[in-house]
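*Asks:* Before anything else, here's the structure in question.
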Amino acid sequence: MAKAFDVTRQPGFTAVAIACFVMLYLPIVLLVAYSFNAGQSISQWEGFSFRWYVSAWDNEQIQAATIRSVVIALGASIIATSAAVLAALATTRTTPWKGQTVAFALINQPLMVPEIVTAVSLLIFFSMIKVWTGYTGLWYLVIAHSAFCIPFAYMPIRARLQGMDLSLEQAGADLYGTPVKVFRTITLPQLWPGILAGAMLAFVISLDDVVITEFVKSAGQDTLPTYMLGQLRRNITPEINAISTALLAISVLLVTAFFFMSRTRK
Amino acid sequence: MPDPISSTARTRAALLAPAMAILIFAAAGPLVIVLIYSFLTPGDYGGVVWDFSTDAWFGVLAERDFFTEELSWADAHLTVFWRSIKLSLLTALLSFIFGFPTAYFIATRPRRSRDIWMLLVMIPFWTNLLIRTFAIMELIRNEGTINTVLIAMGLVTQPVQMLYTEFSLLLGMTYVYLPLMILPIYASMERFDFKLVEAGYDLYATRWQVLRRVILPIVKPGIVAGSILVFVPCLGAYVTPRVLGGGKQLMLGNLIELQFGQLRNWPLGAALSLTLLVIVMVALIFYVRTVGTEERSHG
């Protein structure tokens, strides 16, 4: 039957959506374009060149900051996602219980408490621990990042768990499946898209972080974002555009990879 | 019926333990220390001296004249408070205005292309916040793209000052946080059954009525989540106002940082942080209440 009347149409929505996508991409496209500028300027085009990529690549500070950023983001997203899967099971596959509100409040706390407040509180707390223990390594950053990544990992996982049909799990239990077996063979396969989404969010949130890192890091622990923030105070050259473009390329590759992974699983 | 996976209290506690431990250690617990610090005396080179004092809390809103000891409103702080609240509300509103139709647009695409559209939303989101802020900065600075185009077209002779204004903060924050509005709205709309909308039209509803009475109530959790996700980071925004405000348009986050940096007044910084936290909590409670009562009245 031909549809004469499109029930999904709302006037003007498509125009706004298109405007939205243009708005999202225009600044990024320009940023990328100027990373190939031959001149010193980030707004006057002087010809095509890779010179800023070469100079960023040879910069040892940038190399170290990049590795540090990735290590922290990997550690934090793995820890946060694992913790979030368990927590999501405990908060969805259950009847209401005492203390539930406290658990929810704790999980959502990093979303509610402004980052700068957490940053300040961690600055104070970790500087105490640094004095007591003398340890000034990367674990402070990994743990701090894990904490604020938990709600981001938790949300899509929980949403996925809630959207699932419970009768399969119950059938599994009726057939004498142990809780672990039911989880592994029934819940987990359906949960993967949620876990991937959660891990993606956690990774990006960690990689993205400037504020908490800026306050928690010890001397010489710059991540790529805090290094860039420091550079913005000085004279900006397309080198910043080059780093940005490289980061952008990594992001696009990762998102696309995840995208096709979750697609084949469906 | 008890659930097969986490039926007993002990299992539940064990499942929750790792997340709770991390969150208490590196998120909730340290807040208590901030509260203690806000009642101490600032040390000469940062840090604190362990002497009880309520000066920091007075300092949030009032200042004492250095010579006459007279108390007056801390106008500089009030300006920053007002700017933070105003810009955060406006950003959430703008994000909704752009984000809702976009999420709706994506949710109404054919199933296979929806993912592609969401990918297009996710890519800027995956791009570092600082990079996006920087991209906006390049766009709106005096020698930037917009001004170059405007001058070339002969529309203006002098560059329009956009950077370091409240407009630049608003633009920057909307740009940066927009995906946080689109994601949850889309998630709540993705499984939306358009048969409900068809039913609405069968009952002679207009497009507006369908939108307001059928679609909006169902995607409301997504809108609430999106607004919270946008409003809260805006209120405590630090990077965007630092880069786009250039020290001229301070927001609360920058004011707090100043106390821990240049001004070396950790207790005042702690008190300001907690004040920011209280404002956020009040906003959240207000929000939850509004949503709660509306749900009841829809009964």
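*Asks:* Using +1 at the C-beta of Lys and Arg and -1 at the C-beta of Asp and Glu, which of A:LEU161, B:THR127, B:PHE194 has the Cα lying farthest in the positive direction of the dipole of the protein assembly as shown?
*Replies:* B:PHE194
*Asks:* Helix B:129-140 versus the longest principal axis of chain B: what angle, 0 to 90°, nearest 10, using Cα atoms?
*Replies:* 90 degrees
*Asks:* Run the numbers for A:ARG9 and A:LEU168: contour at 0.36 nm per residue of separation, minus the present Cα-Cα distance, in nm.
*Replies:* Result for the pair: 53.6 nm of gain on full extension.
*Asks:* Another question about this same structure. Going by how many other beta carbons lie within 10 Å of each one, how would you line up A:MET155, B:MET173, fewest first?
*Replies:* A:MET155, B:MET173
*Asks:* Neighbouring Cβ atoms within 10 Å as the yardstick, rank B:LEU255, B:LEU31 fewest first.
*Replies:* B:LEU31, B:LEU255
*Asks:* For chain A, what are the DSSP H helices with axial Cα length of 15 Å or more and mean Kyte-Doolittle hydropathy of at least -1.0?
*Replies:* Those that clear 15 Å and a mean of -1.0 are A:13-35, A:60-92, A:100-112, A:115-133, A:139-163, A:188-208, A:238-265.
*Asks:* In whole Hz and in residue order, list the ³J(HN,Hα) couplings for the range B:242-257 that follow from phi through the Karplus curve 6.51 cos²θ - 1.76 cosθ + 1.60, θ = phi - 60°; x for Gly and Pro.
*Replies:* Result, ordered by residue: 5, 7, 8, x, x, x, 9, 10, 5, 10, 3, x, 6, 5, 5, 4 Hz.
*Asks:* Further question: Relative contact order for chain B: what percent, with Cα pairs under 8 Å and sequence separation of 6 or more?
*Replies:* 25 percent
*Asks:* Over all residues in A:22-32, what is the mean tally of Cβ atoms on other chains that come within 10 Å of each residue's Cβ?
*Replies:* So the per-residue partner count for this stretch is 6.
*Asks:* Counting each DSSP H run of 4 or more residues in the protein assembly as shown as -39500 (n - 2.57), what helix-only mean residue ellipticity at 222 nm follows after dividing by all residues, to the nearest 500 deg cm²/dmol?
*Replies:* Helix-only estimate at 222 nm: -23500 deg cm²/dmol.
*Asks:* If you line up the long axis of helix B:266-298 against the longest principal axis of chain B, both from Cα atoms, how many degrees apart are they, to the nearest 10?
*Replies:* Helix B:266-298 sits at roughly 30 degrees to that axis.
*Asks:* How do B:HIS77, A:HIS145 line up, fewest other C-beta atoms within 10 Å first?
*Replies:* B:HIS77, A:HIS145
*Asks:* In square nanometres, what is one fourth of the surface area of the convex hull spanned by the alpha carbons of the protein assembly as shown?
*Replies:* Result: 32.0 nm².
*Asks:* Pairs of Cα atoms under 8 Å, at least six residues apart: use those to get the relative contact order of the range B:57-136, whole percent.
*Replies:* It rounds to 13 percent for the range B:57-136.
*Asks:* Here's another thing I want to ask about it. Normalised by the number of residues in chain A, what is the relative contact order in percent for Cα pairs under 8 Å and 6+ residues apart?
*Replies:* 32 percent
*Asks:* In addition: Using unit Cβ charges (K, R positive; D, E negative) and no other charged atoms, how large, in debye to the nearest 20, is the dipole of the range A:60-265 about its Cα centre?
*Replies:* Once rounded to the nearest 20, the dipole reads 300 debye.
*Asks:* So for the protein assembly as shown, taking the charge dipole from beta-carbon charges (+1 Lys/Arg, -1 Asp/Glu), which of A:ILE78, B:LEU150, A:ALA242 sits furthest toward the positive end?
*Replies:* So the residue we want is A:ILE78.
*Asks:* Between A:SER49 and A:TRP97, 0.36 nm times their residue separation minus their Cα-Cα distance comes to what?
*Replies:* Stretched out fully, the A:SER49 to A:TRP97 stretch lengthens by 11.0 nm.
Since every read-out is calculated from the coordinates, none of them should be taken as a lab result. The shown structure was predicted, so the numbers you read here are calculated from the model rather than taken from an experiment. Every residue, glycine among them, receives a Cβ derived from its backbone with ideal geometry; neighbour counts consider all protein chains shown.
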